[in-house]
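The values are calculated or read from the model by the stated rules, or taken from the named source; none is laboratory data. Values in this document were obtained by computation on a predicted structure and should not be read as measured data. Positions of Cβ are backbone-derived with ideal geometry, glycine not excepted, and every protein chain shown enters the neighbour counts. Side chains included, ligands, DNA and RNA excluded: accessible areas come from the protein's heavy atoms. Shrake-Rupley method; radii C 1.70, N 1.55, O 1.52, S 1.80 Å.
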Amino acid sequence: GWVMLCRWICAFGLVSGLFYGIGGKDGVGIAQSIGYALSAVAVSIGVSQFLLNRGVAPARIWGWRDDTASAEPAESWIRRYFLDEDRSPRWLALGLCGGVVLGVLAHGYVQAVQWIPSVGEVIRASEQQMRSIPGLAVSYAVIAIGFAPFAEEYLFRGLVYRTLDRHWGGWKAVGAAAAFFAIYHPALSWLPVAAVGAANCLLFKHSKRLAPAVILHMAYNAVVVLWA
């Protein structure tokens, strides 16, 4: 249970610390990537096991299923988690296009807020720090594109939004879930991140799968990180 989860996280922290200890400053990027990636995997597995022990199958999180619905025994893994209907590929394409569009808008937002002197100083200092540590930019890209979308969509859409939608429904649930998602990130990114959160809530509910939301999230992060 939770004890095993804590052990996993501690073990992964020790592995990350080992990379940092061996590589020093040059190992920060690798240590950060390994630490976040393994911790995200451990937390996701731990939460999934916790819910499974209480009768909530993973398909009920990754797919928009009713409380009484369960996966059919003959249902394929791909159909269960990615493709539900003939139009499902369109939802994946919509997620990809939506992520690119929101990423471009986020880039424009960052360029605009830099005209505020204090904000511009913060952004330039962050960019300077990113360049000063070897491998940190690559590490951040790996985390943002390869791991964060899966862990964050599972948490903020699969768990938080589904719960809020069950109790509140409508735009109130979308707005609250988007706000929770935004404040999880740095304050300067709240506006574009909230837009991503709201878009993914709607995409998840209408597509009935988390996969399109994950694709949107990955595309958005890719545009923001690689363009920067």
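General observations
- Of the candidates A199, A222, A151, A178, the single residue that is touching a helix residue (DSSP H, G or I) at 6+ places or on another chain (Cβ under 7 Å) and free of Cβ contacts under 8 Å to residues at least 40 places away in the same chain is A178.
- Checking V122, V142, V104, V138 one by one, the residue that is modelled with pLDDT of 90 or more and either outside any helix (DSSP H, G or I) or open to solvent by 40 Å² or more (accessible area, probe 1.4 Å) (or both) is V104 and no other.
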